[in-house]
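Structure, as structure tokens:
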Amino acid sequence: MSPKSATAAGADPRPSPPHQTFDGWSADRARLPMHAPDRTASFEPSAVASTVDPRTHRETFVVLNDFFDPTQYHFELDAKDQLVATERVARATMTLEGHPGVFAPKFEAVSALPDGRFLATTPFNRPEVETHRIFTFGYAEGRHAVAREVAFDRPAFEGFIRARSGQPWFQVEGLAVDAAARHAFFGVRFTGESREGAKQPTVTLVRCPFDGAALGTPTSAVTLSTVKALGRQEGLADLQRDPRDGSYLLLTSFEGADVTALGNNQGHLFRLPAELVEHATSDTPLELPAPLASFEGKPEGVTALKDGRLLVIFDDDREWKDNFKGYARRQAMFAVLDAQGQPVPPRP
């Protein structure tokens, strides 16, 4: 199915987006070191983490864009619960410590650390070195920030995941840390032959010790199944710890073969007990319970707000956005939910 387009005259026949939208970048945005020129006109957020701006003391969301974009974007919910760019520092360009050249990471997931920094990962799914790195960085209080590489044994990390799946290729899309950030939990979305070849969606959590600067080799893992809960296996889209009760928020999503089809993208939100994420092991996939929430679109990031509500952001394909009126490629969707996963309507 091809995206519908607006008629030259009369009302736009396309439906409205299934969730609220926000502007992902402004007109004066600098040119980014991306690998595909058409991506400079598209905002595809892949990760979000909640923090507090140290100067304004307001809750702020650090958002990362997933196509080789070194920008740290800052958003907040306004009085009407609309997601808007912060006034003080809306975005900051990050450089990599010790590397004066172009920094072009493909960020897939981010988690806030107790000391105010952030831990972010790339997907490990492409040949470029930029996609096989892990970073820490601080909250940008100006237009520039510095990222630092996390030391880790890449062959051991990748070898552990390949040995567990029995497949030569995998894709990471989630990253969470425990309360003290002594352990990092990587979420694997796909395993298979290659990025272009046969692959299967999965929800596999890989546990690694973390000391704030270096990552230890994986110690254990657990695989979860959405088949009983959803009738199909979806892939992991994000994993975040909820500091309110220590549970973990798990996003999964489904992508069909036709990126232009209205029904191509769906997703779900689950809440997992800490024991399951941090310690459980099993030789066979463990079935997930019923989800808290279901979405139209491709949810890509989730974070818990200080008041207990949840924020979900979407990374929809450019062509899929064209199916809807009022959904520009430079925008993205978001949803605000209560702690039980029920939608919170916008405030008047």
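Descriptive notes on the structure:
- If you go through segment 223-274 and keep only what is of a type in the set (V, I, T) and either more than 30 Å from V62 (Cβ to Cβ) or more than 20 Å from the chain's Cα centre (by Cα) (or both), you end up with V227, T260.
- Condition met for T71 (of a type in the set (S, T, Y), at pLDDT 95 or above and closer than 22 Å to G116 by Cα): no
- Which numbered condition A261 fails, given (1) over 20 Å from Q342 (Cβ atoms); (2) assigned to a loop (DSSP other than H, G, I, E, B); (3) touching a strand residue (DSSP E or B) at 6+ places or on another chain (Cβ under 6 Å): (3)
- Leading residue by the ranking (surrounded by the most Cβ atoms within 10 Å (Cβ to Cβ)) among those in segment 124-135 that are on the phi < 0 side of the Ramachandran plot and not in a helix (DSSP H, G or I): I134
- Residue within segment 33-46 that is at pLDDT 90 or above, surrounded by 16 or more Cβ atoms within 10 Å (Cβ to Cβ) and either under 21 Å from the mean Cα position of the chain (by Cα) or more than 16 Å from A147 (Cβ to Cβ) (or both) present: yes
- Pairs meeting the criteria (first residue in segment 320-347 and on the phi > 0 side of the Ramachandran plot, second residue surrounded by fewer than 18 Cβ atoms within 10 Å (Cβ to Cβ) and of a type in the set (D, E, K, R), beta carbons under 9 Å, at least 6 apart or on different chains) are G326/D12.
- Residue match in segment 103-113 (condition: within 22 Å of Y248 (Cβ to Cβ), in a loop (DSSP other than H, G, I, E, B), hydroxyl-bearing (S, T, Y) and under 16 Å from the mean Cα position of the chain (by Cα)): no
- Candidate set: segment 331-348, residues that are in a loop (DSSP other than H, G, I, E, B) and not polar (S, T, N, Q); chosen: the one farthest from the chain's Cα centre (by Cα): P348
- 3 or more residues touching a Phe, Trp or Tyr at 6+ places or on another chain (Cβ under 9 Å) and modelled with pLDDT of 95 or more: qualifying strands (runs of 3 or more DSSP E) within segment 274-316: 299-304, 310-314
- Residue within segment 186-204 that is of a type in the set (A, V, I, L, M) and closer than 15 Å to L288 by Cα present: yes
- Here A328 meets the list (1) assigned to a strand (DSSP E or B); (2) within 23 Å of E76 (Cα to Cα) almost entirely, failing just condition (1).
- As a summary of the residue check, V172 satisfies the conditions (1) out of contact with any Pro (no Cβ under 6 Å at 6 or more places or on another chain); (2) within 28 Å of V336 (Cβ to Cβ); (3) at pLDDT 95 or above; (4) surrounded by 22 or more Cβ atoms within 10 Å (Cβ to Cβ) except for the one numbered (1).
- Among the residues of segment 191-221, those that are within 19 Å of L286 (Cβ to Cβ) and either modelled with pLDDT under 95 or not β-branched (V, I, T) (or both) comprise Q200, P201, L205, R207, P218, S220, A221.
- Candidates in segment 71-85 are the residues that are under 25 Å from G174 (Cα atoms) and free of Cβ contacts under 8 Å to residues at least 60 places away in the same chain; of these, the one that is surrounded by the most Cβ atoms within 10 Å (Cβ to Cβ) is F75.
- Boolean, G138 is in contact (Cβ under 8 Å) with a residue 40 or more places away in the chain, surrounded by fewer than 19 Cβ atoms within 10 Å (Cβ to Cβ) and under 19 Å from T303 (Cα atoms): no
- A search for C-beta distances below 7 Å between a residue of segment 88-100 that is farther than 16 Å from N65 by Cα and any residue that is aliphatic (A, V, I, L, M) and at pLDDT 95 or above, counting only pairs 6+ apart in sequence or on different chains, returns V89/A140; L96/A147; E97/V146; E97/A147.
- Qualifying residue in segment 198-214 (condition: on the phi > 0 side of the Ramachandran plot, free of Cβ contacts under 8 Å to residues at least 12 places away in the same chain and not aliphatic (A, V, I, L, M)): no
- Residue under evaluation V188, criteria (1) of a type in the set (A, V, I, L, M, F, W, C); (2) exposed (fewer than 15 other Cβ atoms within 10 Å of the Cβ); (3) under 20 Å from A280 (Cα atoms), criterion not met: (2)
The values are calculated or read from the model by the stated rules, or taken from the named source; none is laboratory data. All of these numbers come straight from a predicted model, not from anything done at the bench. Note that each Cβ is placed from the backbone with ideal geometry, even for glycine, and that neighbours are counted across all protein chains shown.
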